[in-house]
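Heads up: the structure comes next, in structure tokens.
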Amino acid sequence: MTQAAESAGIVGRGNNDGARLFRQWFEELAAAAESGRPAAYVFVMGSLGELLRAFDLPMVFPEINSLQTAVRRTAHEYLNEAEDYGYSPDVCGYVKADVATQLRGGVLPMGRIPKPAIAVYTNACNTYVKWAEIWERMYGIPVFTLDVPGTRAAGTQTWPGDPDFEHDRRYVEAQLRELIPLLERVSGVKFDVDRLREAMGHANALGRGWKRVLALNASRPSLFNALTDGTIYLGVANGFRGAPEGAAYFTDLVEEMEVKSARGIGTLTDEQYRLLFVGVPCYPIFRRFSELFTEHGGTFVGSTYLHFASGGANLGYEYDLARPLESLAEGVLIGVRDAMDAMFHQTPVLLRMLDDLGADGVVYHPIKSCRTVSTGLADSRRALLAARDVPSLFIESDMMDRRVVSEAQLKNRIDAFFEGLASRRAQAAGRSTVPPRATAAQPTA
Ligand code: SF4
């Protein structure tokens, strides 16, 4: 980091502002809980934040709350409590942490969250539907499933103007029109299309910035670590979607990344290997997991996580404010469908990222308690290797449950992967190789 950039207060601002916005967000949620103000419970893949802001509903993202318990090393307490209550060890860890949170009256390490007045979610993950039923039973609240048609097979998406796309868009729009009176009833606020327009304008700025930030990581050295820094940016992209703070944050973040790119300021001082990450991070040992790679000079320049967990905001789709509801339906369809593609049809996404970001290898990280993201990853890896000669690593752990995270095992596999990368690089340069402990490009799962 240069002196000039430091003193300008630009480099590192995204991480600092992200932490500040998170604190602000949880203070607001705690205040809502204190005053008994109910909230909308939503999920990252299709939060409809733009629409909910028009009804003054505070938004609770249970996935984000749950992962925070793991980052703060308290997840096991929540998981044990939910399992004692009767939930199977196999159930998604985010669900179980949330169940325990509800049993504790909304108490989390970051503060207390309000109770739900409504749950609004998409079909992007089947667990969302069953999860919302838990709140429906606990609180007797209305739940709303927005059914978003997904891609029927890899690479078969249709786009605006295509008759199939227009059918799907109208289907989503009809559901949004049904949701509005329900939100009016729950919130007691009358729908004002201009408030929706305003929120959509902020979402446009956020999406524009997010897309640009992701693309700027093609810089050499790379500007941010998609696994660590990227998760902070992702939290803001979700929690502040449709808010002026979210728009301002991403405008600033683009500026930060452009400054870093122009001055050659990388996330690592000595970047050796540029990697892609597939799956959900290992939150129980979040920093350490990343260090297992950075100690070898490896950093994550991109990840499918930043695509699907931002609900497809990576595409930077911009709403047409002249036709808000039609455009909202179009944006939700394009974004949520892309999020599903980044989970279920990720090979084309990875091939694009390998080229666009100049990556040297791919790390697959299936996790025990999220089948939606993990199922089929071994096959997906085979498909990638059939299409491209690229080193890859397949390591398993969990995003919540420390009982199935073995740091020593992970380290062994990761160390061997880097030996393979070094050997491959030396061979390509025509030099003698380091002992080939690992043939990382061969699928072994
Ligand atoms: S995507 Fe995975 S982690 Fe998220 S709710 Fe679904 S099963 Fe749980």
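The values are calculated or read from the model by the stated rules, or taken from the named source; none is laboratory data. Small disclaimer: the values here were computed from a predicted structure and weren't measured. Note that each Cβ is placed from the backbone with ideal geometry, even for glycine, and that neighbours are counted across all protein chains shown. Calculation scope for accessible area: heavy atoms of the full protein, side chains included, ligands and nucleic acids excluded. Shrake-Rupley method; radii C 1.70, N 1.55, O 1.52, S 1.80 Å.
Could you tell me whether Tyr128 is surrounded by fewer than 20 Cβ atoms within 10 Å (Cβ to Cβ), in a helix (DSSP H, G or I) and aromatic (Phe, Trp, Tyr)?
For Tyr128, the condition - surrounded by fewer than 20 Cβ atoms within 10 Å (Cβ to Cβ), in a helix (DSSP H, G or I) and aromatic (Phe, Trp, Tyr) - is not met.
Considering each residue of region 29-51, count those that are among the charged types (D, E, K, R) and in a loop (DSSP other than H, G, I, E, B), and give that number.
Residues in region 29-51 being among the charged types (D, E, K, R) and in a loop (DSSP other than H, G, I, E, B): 1 in total.
When residues of region 190-215 are filtered for being within 18 Å of Ile265 (Cα to Cα) and buried (at least 19 other Cβ atoms within 10 Å of the Cβ), how many remain?
Selection size over region 190-215: 2.
Kindly list the number of the only condition in (1) open to solvent by 20 Å² or more (accessible area, probe 1.4 Å); (2) touching a Leu at 6+ places or on another chain (Cβ under 9 Å); (3) away from the ligand (no atom under 14 Å from the Cβ) that fails for Asn123.
Asn123 satisfies all of (1) open to solvent by 20 Å² or more (accessible area, probe 1.4 Å); (2) touching a Leu at 6+ places or on another chain (Cβ under 9 Å); (3) away from the ligand (no atom under 14 Å from the Cβ) except (3).
Identify the single condition in (1) without any contact (Cβ under 8 Å) to a residue 12 or more places away in the chain; (2) within 19 Å of Phe61 (Cβ to Cβ); (3) of a type in the set (Ser, Thr, Tyr) that Tyr121 does not satisfy, given that it satisfies every other one.
If we test Tyr121 against (1) without any contact (Cβ under 8 Å) to a residue 12 or more places away in the chain; (2) within 19 Å of Phe61 (Cβ to Cβ); (3) of a type in the set (Ser, Thr, Tyr), just (1) comes out false.
Given the structure, is Phe191 out of contact with any His (no Cβ under 7 Å at 6 or more places or on another chain) and either assigned to a loop (DSSP other than H, G, I, E, B) or among the basic types (Lys, Arg) (or both)?
So Phe191 fits the description; yes.
Answer yes or no: is there a residue in region 88-98 that is of a type in the set (Gly, Ala, Ser), over 28 Å from Ile232 (Cβ atoms) and open to solvent by 60 Å² or more (accessible area, probe 1.4 Å).
No, because not a single residue in region 88-98 is of a type in the set (Gly, Ala, Ser), over 28 Å from Ile232 (Cβ atoms) and open to solvent by 60 Å² or more (accessible area, probe 1.4 Å).
From the list Ala378, Ala386, which residue is open to solvent by less than 70 Å² (accessible area, probe 1.4 Å), assigned to a helix (DSSP H, G or I) and away from the ligand (no atom under 16 Å from the Cβ)?
None of the others qualify; the one that does is Ala378.
Which members of region 160-173 meet the condition of being part of a loop (DSSP other than H, G, I, E, B), without any contact (Cβ under 8 Å) to a residue 60 or more places away in the chain and open to solvent by 60 Å² or more (accessible area, probe 1.4 Å)?
Correct list: Gly161 only.
Considering region 52-87 alone, what residues qualify as being outside any helix (DSSP H, G or I) and more than 13 Å from the ligand (Cβ to nearest atom)?
Ala54, Phe55, Asp56, Leu57, Pro58, Met59, Val60, Arg72, Arg73, Thr74, Gly86
Can you tell me which residues in region 89-106 are at pLDDT 95 or above, away from the ligand (no atom under 12 Å from the Cβ) and at negative phi?
Residues satisfying the conditions are Val99, Ala100, Thr101, Gln102, Leu103, Arg104.
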